[in-house]
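Read the structure below first, then the notes.
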Amino acid sequence: MLGIDFIKKVPLYLDVIPRLGLGNVAYVAWYRFTLKTGIRKYLFPVADFDSGRDFFYPVQDKESDLPEEWKKHLLEDADKIVQGRIRYYGRHWKGVGSPPDWFLNPFNGAQYPNRDRHWTELPEFHPKVGDIKNVWEASRFEWVVTLARAYAVSGKRVYLDTLNAWLKDWTQKNPLNTGPHWKCGQEAGIRIFNLMQAALILNQWRDLSAPLQELILRHLERIRPNIRYALAQDNNHGTSEAAALFIGGNWLLKTGCDFAKSSRFAQAGKKYLEDRVGKLVEKQGGFAQHSVTYHRVLLDTLCFAELWRKKLELAPFSSGFYEKAGAAADWLWMMTDEASGNAPNLGANDGALFLNCHNCDYRDFRPSSQLAQALFNNRLLYSKGGWEEPLYWLGIDRDQVSTENRTKQSIILDQSYAVLQSESSWGMLRLPRYRFRPGHNDVLHFDLWFKGKNICRDAGSYSYNSGDAQLDSFFRSVQAHSTVSFDDSEQMPRIGRFMSAKWVKAEELSCIQAQSEGSFFCQARYRDYLGREHQRRVIWGKDSWTIEDRFWGSFNRVQAKFRLLPDNYLLEDRTVFASWGSIEIQPPECEVKMLKEPESLYYWEKQDVDVLSINAGNGCDRIVTKFF
């Protein structure tokens, strides 16, 4: 029997289905039917692995020219792994044992139940386990890359022995298509990426061991029959799984493994990867997922595909593929702060870090940016530093790539983001345009950066399933962004964990214009599903930023929020004083106060930050906030 809540949401579903694509929606419905009826189970037979032999073999000791500082941090991380600790989401070191407990959620101590059942019989969200990503993370194999690097530079057998022992244990505990680690095709693809990085680092990619060959083949067999479901999501799952098929299939072809199967995998991978890039990447490089960290996932995936295309001496992708990939590389560079390497905490952030052969912080986007620029634009935009370690491991000669000293200019990216440049500061305005489903209610969110510090910011994601429904809802809501809300309601009503309906309608998308000598402005306006309108104009010049918000429609109260860099703030009348500068608020009838609300820069990590809250009644049609 249908619940009352579902019936109330029917009009919202009817609104969003055409936006998602009728074909995609129909396939997802069919997919879920085949899961519930057991039909899909027969496409994925269960099998044991031949895990008696080593996956990676010893290599002859050679002198390493890795810089000592990089080597020091690398070996420290590798020693932690040998001791039974794994880094989760590029941030949290958790003791999980050696070999690890592959079914543990180390954030709450829960064990995944029914691990011996076929993956099609397991639920997507298990209430006793909590966030399934906490169980999956150790099986993404980031530790494989770290141990391979450590062995390559030190020659210490403990790193190689640990690497082989853990892989043997994983294959023994996770028979093909059995348990939670086979439930997601993208998870299988990520394991392929990391195993292949390790083979490249250890110079064993031309001559695979039989166990490694089998492991790659079985993962491809898991991905291929289910890839249509990944494609229907119109997100990173399709690009990741297609790239894994392309890379893994061609790799096995070169080693003479099951020619017919490997050829089918390789051909399907190239076809679908070209299709995904053509559809999901905008002309100026924006990605279907409105998130900087997911954009990095896309870019790392494309880098792996191009890197292995070159290594395996395969035919190039289409010219359209390279145009989109080069634009995507420039998009990330435009969104990355030059001084810190950090970027706006925009949209969903699940802690994914595909390119992990470096020791930079998770929130440093320069490693991915530098690699993508080298591969797709044949240039380096950053000077030498730790963010270049991937070039070292992946065999890219810095001296063979041109170095450019480019200056960023203010730009509108795909009518979705305005990146605004000043002298020592820059801003980003999230414009009200959506081709693909929005994950957060962050329309007209404003980010401000000053000398490497993120002054005005976004709250992030924290967790997709923390066990606290109110907390999970907050991070996706309009309240978690530096924008405006009407009567505490959402800009777009939510109808699921990852979906909103009634996407806002852009009423105005202006270009960047000069207002006076040395002063510029950019503005946009939208109308929500209740007929309320919000226009935001950003005026800037010489590191002074003014945000003018105007409102129309029926509402009782409007609230503008600016989430701020942690500091010792002092609010006096209508002025906020901080170590980095000041904020002035007009008009006088607005209520101004400072709040404390959660922020998450890393997945499964949160802390309270200061939030400037400006409230006005329906008699007020304008709020002006000046940062200087």
Looking at this structure, is residue 67 modelled with pLDDT under 95 and more than 26 Å from residue 349 (Cβ to Cβ)? yes
Output for region 317-336, where each listed residue is assigned to a loop (DSSP other than H, G, I, E, B) and buried (at least 20 other Cβ atoms within 10 Å of the Cβ): 336
Tell me which residues, restricted to region 350-396, are among the charged types (D, E, K, R), assigned to a loop (DSSP other than H, G, I, E, B) and over 19 Å from residue 144 (Cα atoms). 350, 363, 364, 384
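So that you can scan it fast, the table gives a plain yes or no per residue for (1) in contact (Cβ under 8 Å) with a residue 40 or more places away in the chain; (2) among the hydrophobic types (A, V, I, L, M, F, W, C); (3) touching a Phe, Trp or Tyr at 6+ places or on another chain (Cβ under 9 Å); (4) more than 20 Å from residue 238 (Cβ to Cβ):
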| position | (1), (2), (3), (4) |
| --- | --- |
| 307 | yes, yes, no, no |
| 310 | no, no, no, yes |
| 325 | yes, yes, yes, no |
| 332 | yes, yes, yes, no |
| 338 | yes, no, yes, yes |
| 350 | yes, no, yes, no |
| 359 | yes, no, yes, yes |
| 373 | yes, no, yes, yes |
Restricting the search to region 507-529, which residues are crowded, with 17+ Cβ neighbours inside 10 Å, not basic (Lys, Arg) and not in a loop (DSSP other than H, G, I, E, B)? 509, 520, 521, 522, 523, 524, 526
Of the residues in region 458-486, those that are crowded, with 22+ Cβ neighbours inside 10 Å, at negative phi and within 17 Å of the chain's Cα centre (by Cα) come to 458, 459, 461, 463, 475, 476
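The values are calculated or read from the model by the stated rules, or taken from the named source; none is laboratory data. Because the structure is a prediction, the values reported are computed rather than measured. Virtual Cβ from ideal backbone geometry, glycine too; neighbours counted across all protein chains shown.
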